[in-house]
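Submitted below is the structure of interest, expressed as structure tokens.
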Amino acid sequence: MTMLNQTVNENAKVLDEAIMQFQHDDALGAEAQCNLILKESPKFGAAWSLGGVIAAATARLPLAIERFQKAVECEPNNSAFLTNLGKALRDAARSVEALDFCQRAVNADPQSADALNNLGFVLLDLNRTAEAESVFVRALANAPRHFSVWNNLGIIQRAQGKNNEALNSFIQSLAINSTYAEARANLGMLLLETHNAEEALPHLRQAAAALPGHAPPHLYFEEGQPLYRCVESLVGKKRNIR
């Protein structure tokens, strides 16, 4: 085994350990492992990418963008690295810049549902709704069990007034992942908007309970009053009228 191959194998092993640490909520330990790799091998894109993921997860978005850029410099056609950079730029409200990297990610791997999903998000940010819908549909053709994409498609359909299609999309998302609170909230809101308050109530209640302290803003009225409490009151009044 050559010295180069030995170094690559050792770096891969350390990176696997870093990933395990990060998955077990040891972000500092994982970051230290990434830094150790990059000190020896500054062109190891996967270490830069994991470092970016760690930075994003610990609310250091500018550092995450910098690290994802380094990863892309190491491997310009790596779809995952391009997707990560595009998402970080979008999170930083830099959607115009993000679009280029998201499109490059899809070009690098046209079958990647994650790359397509991220591209759809950016197109939606830029008010290119029809294109975003087409991208989400394409993503589902490649990965029909991608529950996040089903939810995103439902959001677009709901905004376009396609309530039946949106209802189906949210239900599909929850059929794949019944604990996905965002889809649960969106389904509840759609049912509420279509005058099905009694059906909406359990979904809104579950969504709010699944996201304590940081539920989607649309689950609350002013002064922090949970929306489902107001719906409970409304449903109760209707039952008393019957």
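Please treat every number below as a calculation from the coordinates, not as lab data. What you see is a predicted model; the values in this text were computed from it and never measured. Every residue, glycine among them, receives a Cβ derived from its backbone with ideal geometry; neighbour counts consider all protein chains shown.
Would you kindly derive the ³J(HN,Hα) couplings of the range 182-194 from the backbone phi angles with the Karplus curve 6.51 cos²θ - 1.76 cosθ + 1.60 (θ = phi - 60°), listing them in order in whole Hz, with x for Gly and Pro?
These are the phi-based 3J(HN,Hα) values: 4, 5, 4, 5, 5, 5, x, 5, 5, 5, 5, 5, 9 Hz.
Percent of alpha carbon pairs in the range 64-139 separated by more than 20 Å?
Summing the P(r) of the range 64-139 above 20 Å gives 21 percent of all pairs.
Okay, next question. Assign unit charges at the C-beta atoms only (+1 for Lys and Arg, -1 for Asp and Glu), then state the dipole size of the range 45-111 relative to its Cα centre in Debye, rounded to the nearest 20. Before the final figure, lay out the partial values.
On the way: 7 positive and 7 negative charges, 37 e Å.
Rounded to the nearest 20 debye, it is 180 debye.
Mind listing the phi-derived Karplus ³J(HN,Hα) values for the range 110-123, rounded to whole Hz, using 6.51, -1.76 and 1.60 with θ = phi - 60°, and x for any glycine or proline?
Karplus-based 3J(HN,Hα) across the range 110-123 equals x, 8, 6, 5, 5, 5, 5, 4, 5, 4, x, 4, 5, 4 Hz.
So, by mean Cβ neighbours within 10 angstrom, what's the order for 153-165, 179-191 with the highest one leading? Working shown, then result.
Working: 153-165: 17.5, 179-191: 22.5.
Highest-to-lowest ranking by the protection proxy: 179-191, 153-165.
On to the next question. If you take every residue apart from GLY154 with its C-beta less than 14 Å away from the C-beta of GLY154, what net charge results, scoring Lys and Arg +1 and Asp and Glu -1?
-1
Taking the Cβ-Cβ separation of ALA210 and VAL96 as r and a Förster radius of 35 Å, what is the calculated FRET efficiency to the nearest 0.05?
Numbers: r = 33 Å, r/R0 = 0.95.
So the FRET efficiency works out to roughly 0.55.
Moving to a separate point now. Report ³J(HN,Hα) in whole Hz for each residue of the range 90-101, in order, from the Karplus equation J = 6.51 cos²θ - 1.76 cosθ + 1.60 where θ = phi - 60°; Gly and Pro get x.
5, 4, 8, 6, 10, 5, 5, 5, 4, 4, 4, 6
Can I ask one more? Using a 7 Å offset from the Cα along the Cα-to-Cβ direction at both LYS13 and GLU40, what is the distance between the two label points in nm, to one decimal?
Each label point lies 7 Å from its Cα, and together they span 0.9 nm.
Now for a separate question. So what's the range 1-91 giving for Cα Rg divided by 2.2 N^0.38 Å, two decimals?
So the range 1-91 has a normalised radius of gyration of 1.04.
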